[in-house]
Amino acid sequence: MLLIHCPYCDEDLPELEFTYAGEAHIDRPADPASLDDEAWRNYLFIRSNVKGPHYERWRHNHGCARFFNAVRDTVSDRFLTTYRVGEPRPDLESLIGKEGRE
Amino acid sequence: MTAFRVAESGRVRHDRPVEFQFDGRSYQGLEGDTLASALLANGVHLLGRSFKYHRPRGILTAGSEEPNALVGTRRGPGRYEPNTRATVQEIWDGLQAESQNRYPKLSFDLGAINDRLYMLFSAGFYYKTFMWPRSFWERVYEPLIRRAAGLGKAPQEPDPDHYAERHLHTDILVVGGGPAGLSAARSAAKSGARVVLVDESAEMGGHLLSEPGLVIDGQPAWDWLAGMLEELRELGVRVMSRTTAIGYYHQNFLALCERLSDHLKEAPADLPRERLWQVRAGQVVLAQGALEKPLVFDGNDRPGVMLAGAAQTYLHRYGVRAGDRHVVATSHDSAWHAAFDLSDAGSRVEAIVDTRANPSDALREAARDRGIRVLSGHTVTGTSGRLRVNAVRVNPVHDGSVGPAETLGCDSLLMSGGWTPSLHLFSHTKGTLRWDDESDAFLPDQQAEACHIAGAGRGLWGVEAVLQDGDLRGAEAAEAAGHKPESGAFQVENDRTGSGETHRELPSDRKPGRARAFVDYQNDVTAKDIRLAVREGMKSIEHVKRYTTNGMATDQGKLSNMNGLMIAADAVGKAPPQVGLTTFRPPYTPTTFGAFAGYHRGDHFEVVRKTPIDSWAEENGAVFEPVSQWRRAWYFPRQGEDMEAAVARECLATRKSLGIFDASTLGKIEIAGPDAVEFMNRMYTNPWTKLAPGRCRYGLLLGEDGFIRDDGVIGRLSDDLFHVTTTTGGAARVLTMMEDYLQTEWPDLNVWLTSTTEQWATIALNGPNARRVLEPFVEGQDLSPEAFVHMSVAECRVAGFPARLFRLSFTGELSFEINVPARYGRALWEKLYEAGQQYDVCPYGTETMHVLRAEKGFIIVGQDTDGTVTPDDAGMSWAVGKKKTDFVGMRSLSRPDLVAPGRKQLVGLLTEDGSVRLDEGAQVVADPNQSVPMAMIGHVSSSYHSATLGRSIALALLKDGRNLKGQEVYVPLPSGLHKARVTDTVFYDPEGERLKV
């Protein structure tokens, strides 16, 4: 069972308190009506499905109930970082570099 | 004393005999024996029949890796445990064990015919033999194979034992209580770290228990062990025996299974049988030792053939000789010492057969001193003996060619093919292995978790080296956990260091196709099977494994994986590291379902949510049904009524006069804040801006994909406060979805969402007399039809309780839903029920609710919709705000697929014969005379007998359904083919006259 750091509670807590909520940094278009069918399809269904560091959303639903973002390596299942909604994508290079030094 | 017991020897209590039974016969063992050691002491070697060929099998090992000696043990009703490893099960007075997979008896088994037909049962025989005729697979072949193959039988009764769960946090967890684990635990604990030491065995010591001749730091090994355990106790180390580390997961999370009662004659009633520990450790030291490999030769599975290290364990730990006349076949020095020890204990060792041309002079000399014949540079080419080995066939090998055979008589053949470092838990963590040429073994390479591997697991050999290594790894772990490392030194006398070589199957002068040389004993996989798999195109070790089932039995390939790899590598023509090893997966040893289930069984399996009115329903004879996690009153049968009669009565009573229904499980969310109406507009399809406070509206919620997710009536209590209701099962999902949009898409909106499902008890009064019974209770709201119109909401008092009162209808009747704080729910229900007596008030349950709503064509989300239904498909375009520019899912409603013709649409179905009630889920076809498989145009989503209409009604999702209205369709059911007419979805009171009461 993973330990996940909730960036709002600032605690490492067991995976059981969290649920996965899909890929992160996919903004709902401000004016969906202006999108053509293909663009809307891409928003709805197309995901990056990466092998390696993945930007994704989690919710601390049995805790503070906040959604937050994380970078998790889909190969090792290791969390590289978690951060609050609205914060920019962390830089992957520096995350991996940091991981490498540990 | 039994024939094979060695006086004064072993850790068993010679003064405490234990009576037990095997296959109905009584035997005597000693306290401290395992079932295997006790049977060996009685000269019993035949314990079971093999999985596929029903070959007689005996005891191969002395530990949890045992693939052969699987028995059933019984300790009363429901306490039958199949596939118990006799090498692990400790005996107690009255223990009953029985052999498995044999008929009519162990010594004469009809299934053994399979062994004669072995040519038919080669690798992949399932896929080849039972291809034709196709329909025979399910009906004939598979049931036959399933009966013939397999091991123990699962017990039929419920398990009367209970199982516990615990969590544990520690600085350092040491797995394995052998010399490496002991020294690691000590050095870690001395540095001040919190340490837990676990071992699967009944007592700590590991290999030390099998080699009492060692002298450690000047003390005999067992005295040293006792002192060590005392020291660990003083250092505060938690020492757990009979505890298996079954799995090693992310971030140093390990699962341990502690066995508490299987070794006891009488367990205290409150003692759990097993306890599953979930451990989070700062650092882990893996000191799991090494497992001895069998040699692969014809007849290497006969009872009486045993690993040499196991024989050494039986001799020293249990005081049992594995036979009277031994032949030892080996490619490793360790087996020589087993031979010497047995010889010293009074057994006769006929010969030591070593595959190596030049075993060391020291060993030869020690053999000569004991008068043991040495055959170096030899191979083993066969064994004989029906139910126990009585002779071994050996041949010299010169420059790769096999010389003439010689037969050696014996009653025990001890073998050793070298040792495999036990890296199962390391492998669970995705730690990688590298091939070590020197030791011909895989050793740990890159690690993925904070763990340290100590001792034989790293390929070290000899107790001094292992003790020293454990000590260092323990210190290393302590330092990594933030403690100042402490380490010590060890001196070991009589240490038996040694080496060996690794083989594929041994060379033979006989036809290899005839050899029954077993690699995987438990799954009956031979060397020939592995070569055949490679010949048939399985080049990857993963394919070889699946095709032959090598390593796939409950022993997880502990003995077979390396031998299988050596043979496959040879067949493929590659070096072993290029072929690679299959992945070990948890659990390390077979684990009971009980341990995993723990407390989560029976009433504790799942939460049961009860409404405040549940107790009244129970007292009044309700039959309940589970709805998501709620228990809801389903119907209220009177004396002699079945469900159909009760539901018909409830429906008629409600339509005629008055029904009362507990709707408390409805999901409720309060949406509050200055931007509440904006939020509602964005979430729901309907327009909310113009909905006046005091009014309510049916709301439809879509996913962003345009499909219906949920629905419910929503009341506006004030400009900035909405009382949202959701489906019972959808409450949490809807709140999550709303939170998601609010937190991540529209954090600028000033809105608060609060789940209030359990805060309110909700009572629905339905029927023409609903107002008459309610009106006298209401203060603060005029209930007259003009003042409180259909689809209104008010905050008022009902029977003195603060209430949110809705006028809405899910039945088509005049209806009020009264929400009061949950604690007043039952009190209000009782008052209304009492007052309703003058109108013959009828309590009804969810089934009647379903019928009444279906008569009105109201959908149940999740029953009449399936996640692919749009508002238009459901005939509810009226609920979509035409002037809205955006809401969740709106853009999708114009996607090409969602506007294409031919979508499934919700319609009504009336069977030609009104007494026929269609099955929900039944498929609908247009033409009943078409050939099979028929083109299905949709399915029945709801179907009931309507007492009001005196006939059956149904709702269905049919392709292009609204255009089919008036036409006939067909529903093929097991009861026959039924004709039905497609109709509108509203069967009763389509004009809504009954609301105008």
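Computed from the coordinates by the stated procedures, all read-outs in this text should not be read as laboratory data. Note that the structure is a prediction, hence the values are computed from the model and not measured. Positions of Cβ are backbone-derived with ideal geometry, glycine not excepted, and every protein chain shown enters the neighbour counts.
Extending 7 Å from the Cα toward the beta-carbon at both B:ASP642 and B:ALA3 defines two label points whose distance is 6.8 nm. In the calculated pair-distance distribution of region B:9-59, the portion above 18 angstrom amounts to 36 percent of the Cα-Cα pairs. All Cα-Cα distances of chain B, cut into 20 Å bins from zero to the largest, leave 12, 31, 24, 23, 9, 0 percent in each bin in turn. Scanning chain B for DSSP H helices at least 27 Å long along the axis (C-alpha atoms) with a Kyte-Doolittle mean no lower than 0.5 picks out nothing. Across peptide B:739-745, the average count of Cβ atoms from other chains found within 10 Å of a residue's Cβ is 5.
Here B:PHE297, A:PHE18 are placed in order of increasing Cβ neighbour count within 10 Å, fewest first, which gives A:PHE18, B:PHE297. When the label point is put 7 Å from the Cα of A:THR19 along its Cα-to-beta-carbon vector, which residues of region A:41-76 have a backbone N closer than 18 Å? Under cut-off, by backbone N: A:56-70.
Computed extension length for B:ARG895-B:ARG962: 22.1 nm, one decimal, from 0.36 nm per residue of separation with the Cα-Cα distance subtracted.
The Kirkwood radius of the protein assembly as shown, taken over pairs of alpha-carbon atoms, gives through the Stokes-Einstein law at 4 °C and 1.567 mPa s a diffusion coefficient of 37 µm² s⁻¹. Taking packing as the residue-averaged number of other Cβ atoms within 10 angstrom, the listed peptides B:56-66, B:372-382, B:576-586 run from highest to lowest as B:56-66, B:372-382, B:576-586. Given R0 = 25 Å, the distance between the Cβ atoms of B:LYS511 and B:TYR103 translates into a calculated FRET efficiency of 0.20. Length available on full extension from B:GLU625 to B:ASP989: 0.36 nm per residue minus the Cα-Cα distance, which gives 128.1 nm. Peptide A:37-46 is shielded by partner chain Cβ atoms: per residue, an average of 3 of them sit within 10 Å of its Cβ. In whole percents, the pair-distance distribution calculated for region B:163-297 from its alpha-carbon pairs, binned every 10 Å from zero, is 12, 38, 33, 15, 2, 0. Each of B:SER892, B:SER261 has some number of other Cβ atoms within 10 Å of its Cβ, and from fewest to most they run B:SER261, B:SER892. So which aspartates and glutamates can A:LYS51 reach, going by Cα to Cα under 15 Å and dropping same-chain residues fewer than 8 places off? Once the sequence-local aspartates and glutamates are set aside, what remains near A:LYS51 is A:GLU23, A:ASP73, A:ASP77. Once both labels are positioned 7 Å from their Cα atoms along Cα-to-Cβ, the gap between B:LYS574 and B:GLU912 label points is 6.6 nm.
Using the Cβ-Cβ distance between B:GLU830 and B:SER784 with R0 = 22 Å, the FRET efficiency computed as 1/(1 + (r/R0)^6) comes to roughly 0.25. Relative protection proxy for B:468-481, B:208-221, B:947-960, from highest mean packing down: B:468-481, B:947-960, B:208-221 (other beta-carbon atoms within 10 angstrom).
For A:ARG47, put the label point 7 Å out on the Cα→Cβ axis and report which residues of region A:65-82 keep their amide N under 19 Å from it. Answer for this model: A:67-82. Return the tail of the calculated pair distribution for region B:913-985, meaning the percent of Cα-Cα pairs more than 13 Å apart. More than 13 Å apart: 64 percent of the Cα pairs in region B:913-985.
Annotation: amide H of A:HIS54 within the under-5 Å range of A:ARG72, A:ASP73, A:THR74, sequence separation 5 or more or interchain, hydrogens built in the peptide plane.
Once the Cα atoms are used to define both axes, helix A:92-101 deviates from the longest principal axis of chain A by about 20 degrees. Entry note, the protein assembly as shown: the mean residue ellipticity at 222 nm calculated from DSSP H runs of n ≥ 4, each adding -39500 (n - 2.57), is -6000 deg cm²/dmol after division by the residues and rounding to the nearest 500.
Using the Cβ-Cβ distance between B:ARG233 and A:ARG78 with R0 set to 30 Å, the FRET efficiency from 1/(1 + (r/R0)^6) comes to roughly 0.20. Counting other Cβ atoms within 10 Å as a rough exposure proxy, the listed residues A:HIS5, B:HIS45 run A:HIS5, B:HIS45 from fewest neighbours to most. Look at the stretch B:556-566: the mean tally of other chain Cβ atoms within 10 Å of its residues' Cβ atoms is 0. Compared with the direct C-alpha span, the chain from B:GLN838 to B:MET936 gains 30.2 nm at full extension, assuming 0.36 nm per residue. 3J(HN,Hα) along region B:415-428: 10, 8, x, x, 10, 10, x, 8, 10, 4, 5, 4, 5, 4 Hz, from the Karplus curve 6.51 cos²θ - 1.76 cosθ + 1.60 with θ = phi - 60°, whole Hz, x for Gly and Pro.
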